[in-house]
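Have a look at the structure below, then the notes.
The values are calculated or read from the model by the stated rules, or taken from the named source; none is laboratory data. Because the structure is predicted, anything quoted here is derived from the model rather than measured. Neighbour counts run over all protein chains shown; Cβ positions are idealised from the backbone, glycine included. Ligands, DNA and RNA are excluded from the accessible area calculation, which covers all protein heavy atoms including side chains. Shrake-Rupley method; radii C 1.70, N 1.55, O 1.52, S 1.80 Å.
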Amino acid sequence: MHYHLSAPQGPGPWFWHYLVTRVLKPGYEISGHHLAQELAHALREHGGTRLQERTIRTTATVFIGSYAKPEGLSAIRLLQQVGRDRYLVRQPEPVPLWVFAYALVDTWRQLWPDRVTVNLASLFEPGGLSSIFFLDEASVDQLVVSLAREGLIDLYRVAPPYQLVRRWEGDPRGQILERVYEHP
């Protein structure tokens, strides 16, 4: 769910991607007020839309609650409440391999549908998969090596730019979701 809310090409609202990839930084402390200010700024930058202050505050509260409340996405441990309306942005739980695989295939279908290869560096572009999942280079490397071992992709690192080569035909997202739920 985090991926779909946060992906720039996903069904979530555009500001979700903005907040996840540009505002939430592990180790920083945030508040609903801070997120409301960031959201108001993003709205002005994105298209000049002006919303009522109350609407912006409510949106910030919903965003925080989505990651802080047990009935939401708290299992990924992105936000930890440290005071009244104060939250510490944490390094979230590592993304499971097949969740990353699903996100990679979905992103590939959306951004590079006619390409068989993409640069590995594409995963590190601002707002890309590494920032959506708060992954460093070593973590991404481990994930793509595992996906190559599983036969979903080939990985070529003879000389830069390093390449990912898709090995799937059609749309494997359904099969990948089966793998996601097979190992909770």
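Taken together, the residues in segment 1-38 that are crowded, with 16+ Cβ neighbours inside 10 Å, small (Gly, Ala, Ser) and in a loop (DSSP other than H, G, I, E, B) amount to 3.
Output the residue which, of all residues in segment 142-156 that are out of contact with any strand residue (DSSP E or B) (no Cβ under 8 Å at 6 or more places or on another chain) and open to solvent by 50 Å² or more (accessible area, probe 1.4 Å), is nearest to ARG179 (Cα to Cα). Residue satisfying both the conditions and the ranking: GLU150. Just wondering, is there one or more residues in segment 23-43 that are more than 24 Å from VAL144 (Cβ to Cβ) and in contact with a Gly (Cβ under 9 Å, 6 or more places away or on another chain)? Yes, the conditions are met somewhere in segment 23-43. Among the conditions (1) open to solvent by 20 Å² or more (accessible area, probe 1.4 Å); (2) within 15 Å of TRP14 (Cα to Cα); (3) of a type outside the set (Lys, Arg); (4) in contact (Cβ under 8 Å) with a residue 12 or more places away in the chain, the only one that HIS41 does not satisfy is (4). Summed over segment 127-144, residues that are touching a residue at least 12 places away in the same chain (Cβ under 8 Å) and not in a loop (DSSP other than H, G, I, E, B) total 8. Scanning segment 47-86 for residues that are part of a loop (DSSP other than H, G, I, E, B) and open to solvent by 100 Å² or more (accessible area, probe 1.4 Å) yields a total of 7. Among the residues of segment 145-159, those that are in a helix (DSSP H, G or I) and touching a helix residue (DSSP H, G or I) at 6+ places or on another chain (Cβ under 7 Å) comprise SER146, LEU147.
Selection of segment 87-135 for residues being open to solvent by less than 30 Å² (accessible area, probe 1.4 Å) and among the β-branched types (Val, Ile, Thr) yields VAL89, VAL95, VAL105, THR107, VAL118, ILE132. Out of the residues in segment 44-62 that are modelled with pLDDT of 80 or more and among the polar types (S, T, N, Q), which is farthest from GLY12 (Cα to Cα)? My answer is GLN52. Any residue in segment 102-119 that is acidic (Asp, Glu), free of Cβ contacts under 8 Å to residues at least 12 places away in the same chain and farther than 19 Å from ALA7 by Cα? Yes: segment 102-119 contains one or more residues that are acidic (Asp, Glu), free of Cβ contacts under 8 Å to residues at least 12 places away in the same chain and farther than 19 Å from ALA7 by Cα.
Filtering segment 160-184 to residues that are over 16 Å from SER122 (Cα atoms) and in a loop (DSSP other than H, G, I, E, B) leaves ARG167, TRP168, GLU169, GLY170, ASP171, PRO172, HIS183, PRO184.
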